[in-house]
1. Among what's in region 105-116 and is open to solvent by 10 Å² or more (accessible area, probe 1.4 Å) and in contact (Cβ under 8 Å) with a residue 60 or more places away in the chain, pick the residue that is nearest to Gly147 (Cα to Cα).
2. When you go through (1) open to solvent by less than 60 Å² (accessible area, probe 1.4 Å); (2) part of a helix (DSSP H, G or I) one by one for Glu374, which number turns out not to apply?
3. Would you mind stating whether Ala200 is buried (at least 23 other Cβ atoms within 10 Å of the Cβ) and either in contact with a Lys or Arg (Cβ under 6 Å, 6 or more places away or on another chain) or assigned to a loop (DSSP other than H, G, I, E, B) (or both)?
4. I'd like the residue in region 205-228 that is of a type in the set (Lys, Arg) and farther than 11 Å from Phe169 by Cα and, out of all such residues, is nearest to the chain's Cα centre (by Cα).
5. Looking at Gly164, Gly182, which is the one that is more than 13 Å from the ligand (Cβ to nearest atom), over 23 Å from Leu357 (Cβ atoms) and buried (at least 17 other Cβ atoms within 10 Å of the Cβ)?
6. So is Lys154 in a strand (DSSP E or B), in contact with a Ser or Thr (Cβ under 8 Å, 6 or more places away or on another chain) and open to solvent by less than 60 Å² (accessible area, probe 1.4 Å) or not?
7. Please name all residue pairs, on different chains or six or more residues apart, with Cβ atoms under 8 Å, provided the first residue is in region 127-138 and is in the same structural domain as Gly158 (by TED's automatic domain parsing) and more than 8 Å from the ligand (Cβ to nearest atom) and the second residue is open to solvent by less than 30 Å² (accessible area, probe 1.4 Å) and at pLDDT below 90.
8. So the check is Cβ under 8 Å with 6+ separation or different chains; which pairs have a first residue in region 30-42 that's in a helix (DSSP H, G or I) and a second one that's among the polar types (S, T, N, Q)?
Amino acid sequence: MTPPVTDPPDTDALRAEARAFADSIYDGYLERALSQDFFWDIYREAAGRGYLGMRVARERGGCGASAVEAGVVLEEVARGDFNLGFCLFGAYSANRIIAEAGSDEVRERWLLPTLAGETAIGFALTELVAGSDSRNIGTRATRIEGGWRLHGHKTSSGFATFAGASIVFARTSDDPRNGITGFLVPLDSDGVRRERIPNAGFRPTGRGKLALDGVLVPDANVVGEVGRGFATVTGSFDVGRAMIALLAVGGAQRAIDMTIEFASTRETFGAPLSERQGITFPIAEHATRLEAAKQLAYHVLSSADEGRPTTKTAAMSKWFATESATNAARDMIVAHGHRGYSDELPLMQLMRDLQGLEIAEGPTQIQKMIITRELFGRSSGGRARA
Ligand SMILES: Cc1cc2nc3c(=O)[nH]c(=O)nc-3n(C[C@H](O)[C@H](O)[C@H](O)COP(=O)(O)OP(=O)(O)OC[C@H]3O[C@@H](n4cnc5c(N)ncnc54)[C@H](O)[C@@H]3O)c2cc1C
């Protein structure tokens, strides 16, 4: 096993605990990853450790952890089970939004059950007509007495097949800046239809489509202010991007660990592969990139904890880590020879999982648009989720 790359300070105990948990669930990763069933058992184990509430304040029932601490847990858990790591990412974001921007009624009904892992809350922004260009969504919410009626189609929504509710974004006016509102929509509501997307990776996490046909949502389920849906969530986008980076680092680190172990025992032409620079140098190079990716991600998270600007560095962190991770996984597959190219080992599935991170939460080009805009000024980078 490689020694852990440099840790942020004061998180050693938390990291050790999360790593022990990750090691205890790793054996089942591949079977779970190839299945479409959600793993409520390990999800609830993570809940029992307080991991779903890391980003929720103590007075609301969470752990009140810093972004750095939450990142450490997510990175380690991803090393044991990539998909559980992704679920932590989703829980960090949705549970924090509900805790901070949900009404009393919504918090009472949803927050404690989601923190306990009894149910989960998804996030439904993307549509067929609007992904990166998310301000162009077509889902509409029409005002009625005491609430809203939602019509539209969402796609690529995380947890769609098993979540109890989803934070759905819909257009409440044609105001180009303040026309989109978030709604907490229970997914057993009349008029909601769910459909699973046949996923290459992330299979147990239930990415799917939601059809909303006149779904009635009470006023209490508006998340944040009407028309300010993006303002409610954009604060979490930067932290989310660095979390995705750590998810990528954790997953790819597992592939590197496996390859070091394999290369140390597999002999060709009378010597172990670990004596061949053709094998060890690519490992050294990928380990270097992952270390850099990790340090950048923690820099973003500690800056966020200290209230410093993170837009540029979060976008840098996201594209660099996810691309580095997929490249690492691909080379680790080749380093395993024919064994790597099958679902007998977890490497192929890990690569399919990791590649999704290059798209989720804003693809690489969108991150580069954000960086460009930060470097050159607003007129240059176009619009993007930030
Ligand atoms: C694993 C996974 C999980 C996801 N989970 C969720 C979720 O929980 N909730 C949710 O709402 N969405 C989710 N998504 C959707 C994700 O947010 C979108 O896929 C993403 O925002 C990109 O939108 P799109 O797929 O429509 O691509 P498009 O916007 O159609 O872009 C297609 C390609 O063109 C590039 N591109 C777009 N515009 C430009 C430009 N101006 N210049 C250069 N290149 C450009 C993009 O980078 C991309 O490579 C998930 C996606 C994945 C893969």
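1. The first filter runs over region 105-116 and keeps only residues open to solvent by 10 Å² or more (accessible area, probe 1.4 Å), leaving 105, 107-110, 112-113, 115-116.
The next check asks that each one be in contact (Cβ under 8 Å) with a residue 60 or more places away in the chain; those that pass are 105, 110, 115-116.
Working: Glu105: 14, Trp110: 19, Leu115: 27, Ala116: 29 Å.
Of everything passing the filter in region 105-116, Glu105 is nearest to Gly147 (Cα to Cα).
2. Condition not satisfied by Glu374: (1).
3. On the way: buried (at least 23 other Cβ atoms within 10 Å of the Cβ): no; either in contact with a Lys or Arg (Cβ under 6 Å, 6 or more places away or on another chain) or assigned to a loop (DSSP other than H, G, I, E, B) (or both): yes.
So Ala200 fails the test.
4. Initially, region 205-228 is screened for residues of a type in the set (Lys, Arg), giving 207, 209, 228.
Retained after the next criterion (residues that are farther than 11 Å from Phe169 by Cα): 207, 209.
Working: Arg207: 12, Lys209: 18 Å.
Taking the candidates together, the pick is Arg207.
5. Numbers: Gly182 fails: more than 13 Å from the ligand (Cβ to nearest atom).
Only one candidate qualifies: Gly164.
6. Values: in a strand (DSSP E or B): yes; in contact with a Ser or Thr (Cβ under 8 Å, 6 or more places away or on another chain): yes; open to solvent by less than 60 Å² (accessible area, probe 1.4 Å): yes.
In short, yes.
7. Partner pairs satisfying both residue conditions: Arg135/Phe230.
8. Once the first residue is in a helix (DSSP H, G or I) and sits in region 30-42, its partners that are among the polar types (S, T, N, Q) give Leu30/Gln349; Arg32/Asn83; Ala33/Asn83; Ala33/Gln349; Leu34/Gln349.
The values are calculated or read from the model by the stated rules, or taken from the named source; none is laboratory data. Note that this is a predicted model, so its numbers are computed, not measured. Counting neighbours? That spans all protein chains shown, and the Cβs are built from the backbone with ideal geometry, glycine included. Side chains included, ligands, DNA and RNA excluded: accessible areas come from the protein's heavy atoms. Shrake-Rupley method; radii C 1.70, N 1.55, O 1.52, S 1.80 Å.
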